[in-house]
Amino acid sequence: MKAFEIREFGIDKLAVAEHDEPRPGAYEVLVRMTAASLNYRDYMMVKGVYNPKLKRPMIPLSDGAGIVEEIGPGVKRFKKGDRVAGCFFQGWVDGPPTPEKVRQALGGSIDGVLREYVVFHEDGLVNVPQHLTELQAAALPCAGVTAWHALFEHNSPQPGETVLIQGTGGVSIFALQFAHAAGLKPIVTSSSHQKLQRAKQLGAAETINYKTTPDWDEQIRKLTGEGVDHVIEVGGSETMPRSLRAVRMYGAISVIGVLSGGDATVSPRPILMNSLRVQGIYVGSRAMFERMNRAISAHQIIPVVDRVFPWTELKEALEYMGTQQHFGKICLEF
Ligand SMILES: NC(=O)c1ccc[n+]([C@@H]2O[C@H](COP(=O)([O-])OP(=O)(O)OC[C@H]3O[C@@H](n4cnc5c(N)ncnc54)[C@H](OP(=O)(O)O)[C@@H]3O)[C@@H](O)[C@H]2O)c1
């Protein structure tokens, strides 16, 4: 079977290798991959920015879906023919994270999904929601679970509460779809007028162009009075200081991303003076994935897939991600 490999860092250095087809052992499931999706992490991983000490060769990408081809002895959760998606953390089934539970991250500390067949432990898979294609389901494991975790697993937001969503990438568009479905009031920022128009169609109550309105935190204060209830913080060093000014007293900031860098100097003062709840989010557990899928099914939510590339065109797909033209997810089809 064919598999992509990171041997040296750089998009141009990605290689395709021939591997033996794996066989499932006890409690393992052999999946024929049919779809995958890109996350910003994969872009950083291939470039050597995410983890310069990455073990190589490494098969890239955390997110994929496919069809169960064969099950090993003792497997109870799946049968041949089931449509499944892999969990980002293969060892985090439920409860709060521990160093042990987050040790095995696909396409990071262990080989990822960009290969024709993958053997998973049965505990590291979930069923694909019935109304979704595998391509749409391949968008879920990292970006979807992260947005779900941030919005609902630490808070019980009430309808009408405001949530600031930064940009229109994978995590942010899931956050917009989930917030809208839950009756929250999403405020979306973007560098693009066209993308903001699309965000409105998906339920954004207010939109702000962060290029033409660089003081967007002031604009949020004008729109909300006391500040937003919750911030989905994906921007990192450029956005964090403004997020601290845009949130209300005792509001929540979910710290997720580092799109503009990860070395912000943040004063502890506004956090303590405003009694803020600042929560780091690291994707999530399989139980969160399953709770998210239940909501996705109940609301018939369809992940927003911006563009689909053949899986062999990983380099083109990553280069496209680097241009930041996408809205939602970039997917790969096998
Ligand atoms: N902690 C976790 O578990 C976790 C999980 C998933 C992702 N992440 C992180 O979250 C971030 C987003 O990931 P993703 O996969 O959703 O990325 P993505 O799809 O590549 O998102 C790119 C979009 O982000 C927006 N953006 C870029 N710089 C921005 C800035 N300074 N302010 C506001 N928006 C900005 C842009 O939107 P516009 O074009 O609309 O301006 C851009 O198109 C990344 O840093 C990623 O590493 C963390």
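The values are calculated or read from the model by the stated rules, or taken from the named source; none is laboratory data. Please read these numbers as outputs of a predicted model, since none were measured by experiment. Using ideal geometry, Cβ is built from the backbone for each residue, glycine included, and neighbour counts are taken over all protein chains shown. Just so you know, the surface numbers come from the protein's heavy atoms only, side chains and all, with ligands and any DNA or RNA stripped out. Shrake-Rupley method; radii C 1.70, N 1.55, O 1.52, S 1.80 Å.
If one computes the Cα centroid of the range 279-311 and of the range 41-96, what distance in Å separates the two points?
15 Å
How large is ³J(HN,Hα) for each residue in the range 226-232, as worked out from phi by the Karplus curve 6.51 cos²θ - 1.76 cosθ + 1.60 (θ = phi - 60°), to whole Hz, x for Gly and Pro?
Working through the residues one at a time gives 8, x, 7, 6, 8, 10, 9 Hz.
Mind checking the dipole of the chain: about its Cα centre, +1 per Lys or Arg Cβ, -1 per Asp or Glu Cβ, Debye to the nearest 20?
Result for the chain is approximately 520 debye, rounded to the nearest 20.
Mind checking which of Thr146, Asn127, Ala36 is farthest towards the positive end of the chain's charge dipole, using Cβ charges of +1 (Lys, Arg) and -1 (Asp, Glu) about the Cα centre?
Farthest towards the positive end: Thr146.
Counting only C-alpha contacts under 8 Å and six or more residues apart, can you give the relative contact order of the chain as a whole percent?
18 percent
Would you compute, from DSSP H runs of 4+ residues alone, the mean residue ellipticity of the chain at 222 nm, taking -39500 (n - 2.57) per run and dividing by the full residue count, rounded to the nearest 500?
Dividing the helical sum by the residues of the chain leaves -6500 deg cm²/dmol.
Counting only residues 5 or more places away or on other chains, whose amide H sits under 5 Å from the amide H of Val228 once H atoms are built in the peptide plane?
Residues meeting the criterion, in which the H sits 1.01 Å from N, are Val247, Arg248.
In whole Hz and in residue order, list the ³J(HN,Hα) couplings for the range 40-54 that follow from phi through the Karplus curve 6.51 cos²θ - 1.76 cosθ + 1.60, θ = phi - 60°; x for Gly and Pro.
Per-residue couplings from phi come out as 4, 4, 5, 4, 5, 4, 5, 7, x, 8, 5, 8, x, 9, 3 Hz.
Considering only DSSP beta bridges with both partners in the chain, what is the antiparallel share in %, to the nearest 5?
Restricted to the chain, the bridges split so that about 50 percent are antiparallel.
Compare Tyr250, Tyr43 by solvent-accessible area with a 1.4 Å probe and give them largest first, with all protein chains kept in place.
Descending accessible area places them as Tyr250, Tyr43.
Tabulate in residue order the Karplus-calculated ³J(HN,Hα) for the range 171-186, using 6.51 cos²θ - 1.76 cosθ + 1.60 with θ = phi - 60°, rounded to whole Hz; enter x for Gly and Pro.
4, 5, 6, 4, 4, 5, 5, 5, 5, 4, 4, 8, x, 7, 10, x
Accessible surface of His121 in the full protein assembly, 1.4 angstrom probe, to the nearest 10 Å²?
80 Å²
Just check the range 205-287 against the gyration tensor rule for me: Cα atoms, a ≥ b ≥ c as the square roots of the eigenvalues, rounded for a/c under 1.5, and otherwise prolate or oblate depending on whether a/b exceeds b/c.
Note, shape of the range 205-287 comes out rounded.
Amide H to amide H under 5 Å from Ile110: which residues, 5+ apart in sequence or cross-chain, H placed 1.01 Å off N in plane?
Those lying under 5 Å, H to H, from Ile110 are Ala105.
In whole Å, how far is the Cα centre of the range 111-127 from that of the range 132-150?
Going from one Cα centre to the other spans 15 Å.
Just tell me which lysines come within less than 26 Å, Cα to Cα, of Lys329; anything on the same chain fewer than 8 places away is out.
Qualifying lysines at Cα under 26 Å: Lys2, Lys13, Lys47, Lys185, Lys195, Lys200, Lys211, Lys315.
For the chain, report the accessible area per residue in Å² (1.4 Å probe, heavy atoms, rounded to an integer).
Per residue, the chain has 43 Å² of solvent-accessible surface.
Please report the carbon-and-sulfur percent of the accessible area for the chain; probe 1.4 Å, protein heavy atoms only, DNA, RNA and ligands left out.
49 percent
Can you sort Ser156, Ser254, Ser237 by 1.4 Å-probe accessible area, starting with the largest?
Ranked list, largest accessible area first: Ser156, Ser237, Ser254.
Please report, in Å, the Rg and the Dmax of the chain, where both are computed over Cα atoms only.
Gyration radius and largest Cα-Cα distance of the chain: 19.6, 61 Å.
Using modelled backbone amide H atoms (1.01 Å from N, in-plane), which distant-in-sequence or interchain residues come within less than 5 Å of Gly236's amide H?
Close amide H contacts, sequence-distant or interchain: Gly257, Leu259, Ser260.
Compute the relative contact order of the range 130-234 as a whole-number percentage, counting only Cα pairs closer than 8 Å that sit 6 or more residues apart in sequence.
It rounds to 26 percent for the range 130-234.
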